[in-house]
Amino acid sequence: MTIKNHFQFLILTMVLMISSVAKAEPIDPELRQLLIETIEGADSFIDRFDAEVWLVDMSARLKPFIKKDKARLKLLRMVHREAKRAQLKPELVLSVIQIESHFDPYALSISGAQGLMQIMPFWKSEIGRAEDNLMNPSTNLRYGCTILSYYLEKEKGDLIRALARYNGSLGKTIYPEKVLVAWEDRWFTNN
């Protein structure tokens with residue numbers, strides 16, 4: 001068995017295990033091929049096996065929010081890449097996105113925050129990039145992960161305070177608690 005066939009077998013096995021646990025519909029060959037292509041193109045993982053495990057696992061967890069396989073896997077790759085670049089846990093970023101925008105890349109808050117991670121537009125002026133589109137998921141994730149990472153460093157690793165700063169509610173714990181509950185209930189892994 002070649003390495004490529006071995007990886008494809010592992011992917012199919014993992015997809016079958018997840019779908020049997022979730023009592024999902026039968027495996028779609030198109031989805032299997034999409035997973036193979038996504039894993040082969042994942043550049044922020046240590047190795048392909050890590051990519052397989054994480055993408056298959058998180059894809060199943062994200063399915064209630066994003067129904068289309070291709071969109072779901074594309075977002076997961078972006079989240080993983082930007083989180084790792086900013087030295088954040090990708091699962092934490094997924095938790096923030098769940099609370100901030102419920103995975104709607106076009107979300108717009110009453111206060112004007114935009115996109116997946118609900119970035120305030122003033123940041124574009126602050127860094128001299130007025131042309132940036134905060135509704136673009138890649139741009140939004142880059143801003144959001146960078147901001148959250150900065151606040152985590154500023155708060156010396158205190159996640160509650162960093163999340164409160166991110167939300168503009170320093171001194172309050174409602175928002176950090178929501179993010180941590182989402183992390184614990186849906187996104188937490190032992191990695």
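In segment 90-113, the qualifying residues are those that are among the charged types (D, E, K, R) and not in a loop (DSSP other than H, G, I, E, B), and the one that is nearest to MET58 (Cα to Cα) is GLU91.
Once segment 114-172 is narrowed to residues that are small (Gly, Ala, Ser) and part of a helix (DSSP H, G or I), the residue that is farthest from VAL93 (Cα to Cα) is SER125. Taking (1) surrounded by 15 or more Cβ atoms within 10 Å (Cβ to Cβ); (2) free of Cβ contacts under 8 Å to residues at least 40 places away in the same chain; (3) closer than 22 Å to THR189 by Cα in turn, ASP132 satisfies each apart from (3). Which one is farthest from HIS102 (Cα to Cα) among residues in segment 55-85 that are touching a His at 6+ places or on another chain (Cβ under 9 Å) and without any contact (Cβ under 8 Å) to a residue 40 or more places away in the chain? Residue satisfying both the conditions and the ranking: LEU55.
Got a sec? Which of LEU75, LEU134, LEU108, LEU94 is closer than 15 Å to SER149 by Cα and either touching a Lys or Arg at 6+ places or on another chain (Cβ under 9 Å) or among the aliphatic types (A, V, I, L, M) (or both)?
Step by step, each of LEU75, LEU134, LEU108, LEU94 is checked, and only LEU94 is closer than 15 Å to SER149 by Cα and either touching a Lys or Arg at 6+ places or on another chain (Cβ under 9 Å) or among the aliphatic types (A, V, I, L, M) (or both).
Looking only at residues of segment 66-88 that are of a type in the set (A, V, I, L, M, F, W, C) and more than 16 Å from ARG142 (Cβ to Cβ), we find that the one that is surrounded by the most Cβ atoms within 10 Å (Cβ to Cβ) is LEU73.
Considering segment 37-67 alone, what residues qualify as being outside any helix (DSSP H, G or I), modelled with pLDDT under 90 and under 20 Å from PHE188 (Cβ atoms)?
If the condition is that a residue be outside any helix (DSSP H, G or I), modelled with pLDDT under 90 and under 20 Å from PHE188 (Cβ atoms), then SER44, PHE45, ILE46 are the ones that fit.
Whenever a residue of segment 108-119 is free of Cβ contacts under 8 Å to residues at least 60 places away in the same chain, its partners that are of a type in the set (D, E, K, R) and in a loop (DSSP other than H, G, I, E, B), lying with C-beta atoms within less than 8 angstrom and at least six residues away or across chains, give the pairs LEU116/ASP104. Of all residues in segment 162-191, those satisfying the criterion of being among the aliphatic types (A, V, I, L, M) and without any contact (Cβ under 8 Å) to a residue 12 or more places away in the chain are LEU170, ILE174, VAL181.
The values are calculated or read from the model by the stated rules, or taken from the named source; none is laboratory data. Nothing here was measured: the structure is a model prediction, and the numbers come from that model. Every residue, glycine among them, receives a Cβ derived from its backbone with ideal geometry; neighbour counts consider all protein chains shown.
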